[in-house]
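Inspection log for the structure reproduced underneath, given as structure tokens.
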Amino acid sequence: MFKFKGISSNDMKVIAVEENFIAKASLLVESINIDGKDGEDFIEHGYGSVEKDIELQILDVSKIDNIIAWLNGPGELEFNNRITKARFYNGYDVDRFVTLKKAEVSYIRDPFWYETNDEYDVVTTTVLNGGNIYSKPLIKLTGNGTVDITINGVRFTYTFTDPYVEIDCEEMTEKYDGLSRSRNIEIGLEYPKLNTGINEIILHSGTCIIEMKRKDRWL
């Protein structure tokens with residue numbers, strides 16, 4: 001069983017012939033040839049999207065219109081208690097299959113998976129990334145005054161003008177209640193990221209509660 005846009009395949013009365021959404025995303029690389037040097041140098045540029053096909057058997061033909069509307073455009077894909085973002089852009093046919101109908105649909109999904117029920121966890125001196133690839137977490141700081149923090153080797157300071165701030169390390173933004181607070185942070189070009197396993201947190205000065213989510217990530 002899988003879910004897309006919060007709706008399950010069971011509700012839509014469809015069965016995936018091979019229900020397997022797991023695949024490794026490609027690592028995007030640029031190769032450089034240098035005169036006089038054997039071989040090539042490679043520069044890594046992150047991970048690309050995953051493109052796959054899935055064959056669906058439609059058990060209730062009265063739901064075909066709803067299924068076509070459901071598997072259309074972007075939405076959250078949930079499978080095996082993990083979640084990612086997927087997009088159904090291509091067209092597809094609905095064909096006869098014995099007494100049922102079937103459709104082979106293609107989708108594009110983000111390279112990474114996260115926990116389905118991901119909530120903020122309070123962290124103190126360490127934080128665990130229980131996934132199998134580095135993550136760029138969402139960090140919530142609650143406090144006042146100025147705090148000086150290092151998370152896995154990345155040091156920054158933040159001055160509170162509101163009760164809390166949410167620092168999105170993926171988007172490299174700082175917001176309070178949806179409003180930008182980028183003027184309140186002093187940070188370099190890198191935002192904290194968490195390696196797999198245990199990562200160190202150091203609160204050099206100031207007092208605040210540190211919470212994180214989106215800290216566990218799978219490839």
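The values are calculated or read from the model by the stated rules, or taken from the named source; none is laboratory data. As the structure is a computational prediction, the values presented were derived from the model and not from experiment. All Cβ positions, glycine included, derive from the backbone under ideal geometry; neighbour counts span all protein chains shown. Heavy atoms of the whole protein, side chains included, go into the accessibility calculation; ligands, DNA and RNA do not. Shrake-Rupley method; radii C 1.70, N 1.55, O 1.52, S 1.80 Å.
Based on what the data block shows, is V29 surrounded by fewer than 16 Cβ atoms within 10 Å (Cβ to Cβ) and in contact with a Lys or Arg (Cβ under 9 Å, 6 or more places away or on another chain)? It is false that V29 is surrounded by fewer than 16 Cβ atoms within 10 Å (Cβ to Cβ) and in contact with a Lys or Arg (Cβ under 9 Å, 6 or more places away or on another chain). Tallying residues that are part of a loop (DSSP other than H, G, I, E, B) and charged (D, E, K, R) within the stretch 173-198 yields 4. Look at the stretch 1-16: where a residue is closer than 18 Å to K102 by Cβ and part of a strand (DSSP E or B) and a partner is at pLDDT 95 or above and open to solvent by 60 Å² or more (accessible area, probe 1.4 Å), sitting 6+ places away or on another chain with Cβ atoms under 9 Å, you get F4/E76. Condition (residue is surrounded by 14 or more Cβ atoms within 10 Å (Cβ to Cβ) and within 23 Å of E170 (Cα to Cα)) applied to the stretch 52-72: is it met by at least one residue? No, there is no match, as no residue in the stretch 52-72 is surrounded by 14 or more Cβ atoms within 10 Å (Cβ to Cβ) and within 23 Å of E170 (Cα to Cα).
Determine if the stretch 55-72 includes at least one residue that is outside any strand (DSSP E or B) and under 24 Å from L219 (Cβ atoms).
No - not one qualifying residue is present in the stretch 55-72.
Counted as qualifying within the stretch 88-164 are the strands (runs of 3 or more DSSP E) with 2 or more residues that are buried (at least 17 other Cβ atoms within 10 Å of the Cβ), namely 100-109, 126-129, 138-143, 146-151, 154-159.
When I149, I139, I167 are checked against the criterion of being in contact (Cβ under 8 Å) with a residue 60 or more places away in the chain and within 25 Å of T84 (Cβ to Cβ), a single residue qualifies: I139. All of K213, K175, K193 fail the test of being free of Cβ contacts under 8 Å to residues at least 12 places away in the same chain, open to solvent by 50 Å² or more (accessible area, probe 1.4 Å) and within 27 Å of T84 (Cβ to Cβ), apart from K175. Consider the stretch 55-84 and keep the residues that are among the charged types (D, E, K, R) and either outside the structural domain of I15 (by the TED database) or farther than 15 Å from I7 by Cβ (or both). The one that is modelled with the highest pLDDT is R82.
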